[in-house]
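Presented below is the structure to which this report refers.
The values are calculated or read from the model by the stated rules, or taken from the named source; none is laboratory data. Please read all numbers here as calculations on a predicted model, not as lab measurements. We place every Cβ from the backbone using ideal geometry, glycine too, and count neighbours over all the protein chains shown. Note: accessible area is taken over every heavy atom of the protein model, side chains too, but ligands, DNA and RNA are not part of it. Shrake-Rupley method; radii C 1.70, N 1.55, O 1.52, S 1.80 Å.
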Amino acid sequence: MRKIVLRIEPFPAEQIPDMLKEHGILINHYAEVFFAHPRFSIGHSRETTVTIASLKEIGLENGATVREIFMHISKTGLKACALSIGLFLRLAWTDQPQNQNSILNGTHSSPDQAVTVLSEIIEQDDAFPKGLYLRNVDANLWLRGYICDDAYRFPGDAMFAFENDAI
């Protein structure tokens, strides 16, 4: 497990593309769609601690669906991240380990070394991004949106980011 303390400072959502570009962070179409949703907001000024852990490390050895992850963390000191945490985590975490396989092969599986940010599901439509994940591919930092249906099971070694109930 790894803990990262983030300082959240609000800024207008329309500045997200420029800020990411300024920091050399690449995004995909699903991330753009996620940021454009009316419920996406940066939030208020605050400090929070994010825990990065595999599903195995939090007690889900055989992996889990998103719904099962939500149910499981309700019994721990972890919780789903605010919608903007993926953005701030990507800006702060520049030494993420690189992916061993830089090509997404279309298998709809969690890429090696990717960290999925568990956050509130803002649309139940399976074609709408469920959230964001972070990758480091060929020394390029990515913030990508992802889609999955309710039946998709993340493997036990899939890495996730959670907020802590307390710092």
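Any residue that is at pLDDT 95 or above, of a type in the set (Phe, Trp, Tyr), open to solvent by 30 Å² or more (accessible area, probe 1.4 Å) and in a helix (DSSP H, G or I) - is there at least one of those in segment 64-72? Yes. Return a yes/no flag: does segment 51-61 have any residue that is open to solvent by 40 Å² or more (accessible area, probe 1.4 Å), touching a residue at least 24 places away in the same chain (Cβ under 8 Å) and assigned to a strand (DSSP E or B). No: zero hits. One residue stands out in segment 124-151 among those that are among the aromatic types (Phe, Trp, Tyr) and either at pLDDT below 95 or not in a loop (DSSP other than H, G, I, E, B) (or both): the one that is nearest to residue 95 (Cα to Cα), namely 142. The set of residues in segment 41-54 being more than 19 Å from residue 5 (Cβ to Cβ) and either within 14 Å of the chain's Cα centre (by Cα) or among the acidic types (Asp, Glu) (or both) consists of 54 alone. Annotation note: of 5, 33, the sole residue that is part of a helix (DSSP H, G or I) and in contact (Cβ under 8 Å) with a residue 60 or more places away in the chain is 33. With the condition kept exactly as written, say whether any residue in segment 15-25 is open to solvent by less than 60 Å² (accessible area, probe 1.4 Å), in a loop (DSSP other than H, G, I, E, B) and free of Cβ contacts under 8 Å to residues at least 24 places away in the same chain. For segment 15-25, residues open to solvent by less than 60 Å² (accessible area, probe 1.4 Å), in a loop (DSSP other than H, G, I, E, B) and free of Cβ contacts under 8 Å to residues at least 24 places away in the same chain: absent. Quick check on residue 79: is it in contact with an Asp or Glu (Cβ under 6 Å, 6 or more places away or on another chain) and under 20 Å from residue 145 (Cα atoms)? Taking the combined requirement at face value, the residue satisfies it. Annotation: of all residues in segment 113-141 being of a type in the set (S, T, N, Q) and over 22 Å from residue 38 (Cα atoms), the one that is surrounded by the fewest Cβ atoms within 10 Å (Cβ to Cβ) is 140.
Scanning segment 38-50 for residues that are part of a loop (DSSP other than H, G, I, E, B) and either free of Cβ contacts under 8 Å to residues at least 12 places away in the same chain or loosely packed, with under 14 Cβ neighbours inside 10 Å (or both) gives 38, 39, 41, 44, 45.
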